[in-house]
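Scroll down for the structure; my scribbles are underneath it.
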Amino acid sequence: MSDLFEAAGLTPEAPRPLADRLRPQSLDEVVGQEHLLGPGGPIRRMAEAHRLSSMILWGPPGTGKTTIARLLAREAGYEFQQLSAVFSGVADLKKAFEAARMRRAAGHATLLFVDEIHRFNRAQQDGFLPFVEEGTVTLVGATTENPSFELNGALLSRCQVYVLRRLDEAALESLLAKAEAHEQRSLPLDAAAREAMIAMADGDGRYLLTLAETLFNIGVAAPLDPAGLGQVLQRRSPAYDKDREEHYNLISALHKSVRGSDPDAALYWLARMLEGGEDPLFIARRLVRMAVEDIGEADPLSLLLTTAAKDAYDFLGSPEGELALAQACVHMAAAPKSTAVYKAFGAARRMARETGSLTPPAHIRNAPTRLMKQLGYGKGYQYDPDTEEGFSGQNYFPDGVPRQTFYAPKGEGAEARVRERLDRWAQMRARKGANDESGGDG
């Protein structure tokens, strides 16, 4: 047997999946990527000029990456050669480069399409560099992962990166219409079920056509409603990979929604992460971070509530414990926000690094031994709760270091009262300092 298709029994006469039978035959037939392939689009311009640059096609599954690469080679007059990073190794790369070199010597250009290019390790990716640099091949890599995380900088500097969009409802509807025209019959769905099936595909055109093919094959007598459709077909799992870019995109969206005081958006992103299989304790840790980073003293209850939500999830598990995370999420989104503590601690750490090992002033040093008392440790210390106003105004910074103000509350929520107290204490401290300098008793 001469190739993998024959080995799998997929001879030219074998039935082909509907998605393959409906594969576009020109760039004009590709749907959903008009920003790249429409009039004036960058890939369209390259195809029309018959001069291709190496590129990385980055986008979700089922958006046309392989199809675009094939059509580019055809329309630009390049020889198309395909490798999969899942099944190929160094030996396959060497064969591909040698074949491309021979074609070049005969005056023919090669488009080398590498599917799942992010699966090649760093050394294998470096192997492309000289052949791309000298023009032996025009590389078109396809990836579902963020190239800036998964591909070498040297390779990226030699390639354009084009982002393919998930297919919108209009693009998916056009695929269904094309499938019905090809099959010469309508899908057995009512209007609501048709919308539900498009939603099931979650922007993946190939998956939508697979669903359509299933419906054509099972021979439904009467049109299905959404409930009937759900019994026949399985909803596609949301695009979510817990250790890759979508993981960070969604937790960022959740964090920024809470920070932006939008409880509805925050609940949506929380639900998206949980539906995608995210570890609820990872979310709980981020909620605690939000409480101390974005809310702080404006609503001290947020820290207590987020740690309690973590404990509640530990105690209840899923799905009941997830409600505690939702409660904490809504509370913080609706709470006043302040980064005053966050900024103050950062400034204090910078000063601590700059001042080194300065010791505390003698009056606030601990004096557990007679020698330490003789050396003046603790001398003159005033116990604030015992003073008339509950505030002594003493200096607590190292000797010789001017007093610093790190914490500047905004005056939002509970911090409004904190600010009032700090302002009053600052005035009392200033009066005490003036009295000490004049030698008066106030």
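The values are calculated or read from the model by the stated rules, or taken from the named source; none is laboratory data. As the structure is a prediction and not an experimental result, all values here were calculated from the model. Ideal geometry is used to build each Cβ from the backbone, glycine not excepted, and the neighbour counts take in all protein chains shown. Accessible surface is based on the protein model in full, side chains and every heavy atom, while ligands, DNA and RNA are left aside. Shrake-Rupley method; radii C 1.70, N 1.55, O 1.52, S 1.80 Å.
Amide H of T110: which non-local residues (sequence gap of 5 or more, or other chain) have their own amide H closer than 5 Å, using H built in the peptide plane?
Long-range HN contacts for T110: E79, T138.
What percentage of the solvent-accessible surface of segment 18-65, computed with a 1.4 Å probe over protein heavy atoms, is contributed by carbon and sulfur atoms?
Of the solvent-accessible surface of segment 18-65, carbon and sulfur hold 51 percent.
Tell me, what is the per residue accessible area of the chain in Å², probe radius 1.4 Å?
So the chain comes to 56 Å² accessible per residue, rounded to a whole number.
Considering only protein heavy atoms and a probe of 1.4 Å, how much of the accessible area of segment 111-226 is carbon and sulfur, as a whole percent? Intermediate results must be reported in sequence, preceding the final value.
On the way: 2560 of 5180 Å².
For segment 111-226, the apolar C and S fraction of the accessible surface comes to 49 percent.
Using a 1.4 Å probe, how large is the accessible area of E213, given in Å² and rounded to the nearest 10?
Around 40 Å² of this residue is reachable by solvent.
Please calculate the 1.4 Å probe accessible area of V86, with all protein chains present, and give it to the nearest 10 Å².
In the full protein context, V86 sits at about 80 Å².
Give me the base-10 log of I(q)/I(0) for segment 204-355 at each q in 0.16 Å⁻¹, Debye formula, one uniform scatterer per Cα, rounded to two decimals.
Per q value, in the given order, log10 I(q)/I(0) is -0.90.
Output the 0 to 90 degree angle, nearest 10, between the alpha-carbon long axis of helix 340-355 and the longest principal axis computed from the alpha carbons of the chain.
70 degrees
What's the center-to-center distance, using Cα atoms, between segment 275-322 and segment 323-339 in Å?
With segment 275-322 and segment 323-339 each reduced to a Cα centre, they are spaced 9 Å.
May I ask you to list the lysines whose Cα is less than 19 Å away from that of K94, ignoring any residue fewer than eight positions away on the same chain?
K94 reaches no qualifying lysines.
For log10 I(q)/I(0) by the Debye sum over Cα atoms at q = 0.08, 0.10, 0.12 Å⁻¹, which listed value, [x] -0.43, -0.69, -1.00; [y] -0.72, -0.92, -1.13; [z] -0.49, -0.76, -1.06, comes from the coordinates shown?
Correct label is [y].
Summarise the accessible area of segment 299-365 (1.4 Å probe, protein heavy atoms) by the percent that is carbon and sulfur.
That share works out to 63 percent.
Taking the dipole about the Cα centre of the chain, with the C-beta of Lys and Arg at +1 and of Asp and Glu at -1, give me whichever of M351, I295, V418 is farthest to the positive side.
So the residue we want is M351.
When every alpha-carbon pair in segment 129-197 is counted, what percent end up more than 20 Å apart?
Every Cα pair in segment 129-197 considered, those over 20 Å come to 55 percent.
Heavy-atom accessible area of R403 with all protein chains present, probe 1.4 Å, nearest 10 Å²?
Accessible area, nearest 10 Å²: 130 Å².
Give the long-range amide H neighbours of G276: residues separated by 5 or more places, or on another chain, with amide H under 5 Å away, using H modelled in the peptide plane at 1.01 Å from N.
Sorted by chain and number, the residues that satisfy this come to none at all.
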